[in-house]
Every structure is written in structure tokens, then in C-alpha cells.
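Step one of this worksheet: look at the structure below.
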Amino acid sequence: MKTLIVDKSSATLGYAREQSLLLNADHRGVCKFDRQSDPNYQTLRKSFITTIDLILSEGRSEEHTSELQS
């Protein structure tokens with residue numbers, strides 16, 4: 001039986017490019033994984049990588065803009 005544990009308004013912060021994803025886990029299982037091949041782990045890992053890459057690319061873009069303005 002699948003049940004939504006947290007409604008979307010409680011699970012999000014309202015950032016412009018924020019995404020919410022469903023995980024097949026109970027409240028405890030969303031942060032504990034038996035192995036790296038766990039589908040929930042893979043979902044979170046990919047989200048972290050995407051977010052980190054976005055932050056880094058925006059940081060490089062801002063540095064480049066600052067250099068051009070100097």
C-alpha cells in the first residue's frame with residue numbers, strides 16, 4: 001500500500017527550479033539505504049549531482065561576469 005507521507009506544500013521550499021520526487025519509502029526509509037543500488041538512493045544521488053552541478057556552473061558564470069566587468 002502506497003501512501004503519501006508529506007504533502008507537497010510541506011515537502012518543498014518554494015525555490016524557482018525546485019523539484020519534488022516521489023520515493024518508495026516510509027518516513028524512516030527516505031534517508032537510510034541498504035546499498036548504493038537502492039532506487040531511492042539513486043534518485044537522491046542524481047538530484048544532488050544535478051543541484052551541485054547547477055550551483056557550480058552558476059558560480060563560474062558569476063565569476064566570469066565579474067572578470068568582464070573589472
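Tallying residues that are loosely packed, with under 12 Cβ neighbours inside 10 Å and touching a Pro at 6+ places or on another chain (Cβ under 9 Å) within the range 4-55 yields 1. Between residues in the range 40-53 that are part of a helix (DSSP H, G or I) and residues that are aromatic (F, W, Y), which pairs lie under 7 Å by C-beta distance while being six or more apart or on different chains? Cβ pairs passing all conditions: N40/F33; Y41/F33. Of the residues making up the range 1-25, those that are among the polar types (S, T, N, Q), part of a loop (DSSP other than H, G, I, E, B) and without any contact (Cβ under 8 Å) to a residue 24 or more places away in the chain number 4.
Throughout, read-outs are computed from the coordinates displayed, never taken from laboratory work. Predicted model only: the values in this text are computed from it and were never measured. Note that each Cβ is placed from the backbone with ideal geometry, even for glycine, and that neighbours are counted across all protein chains shown.
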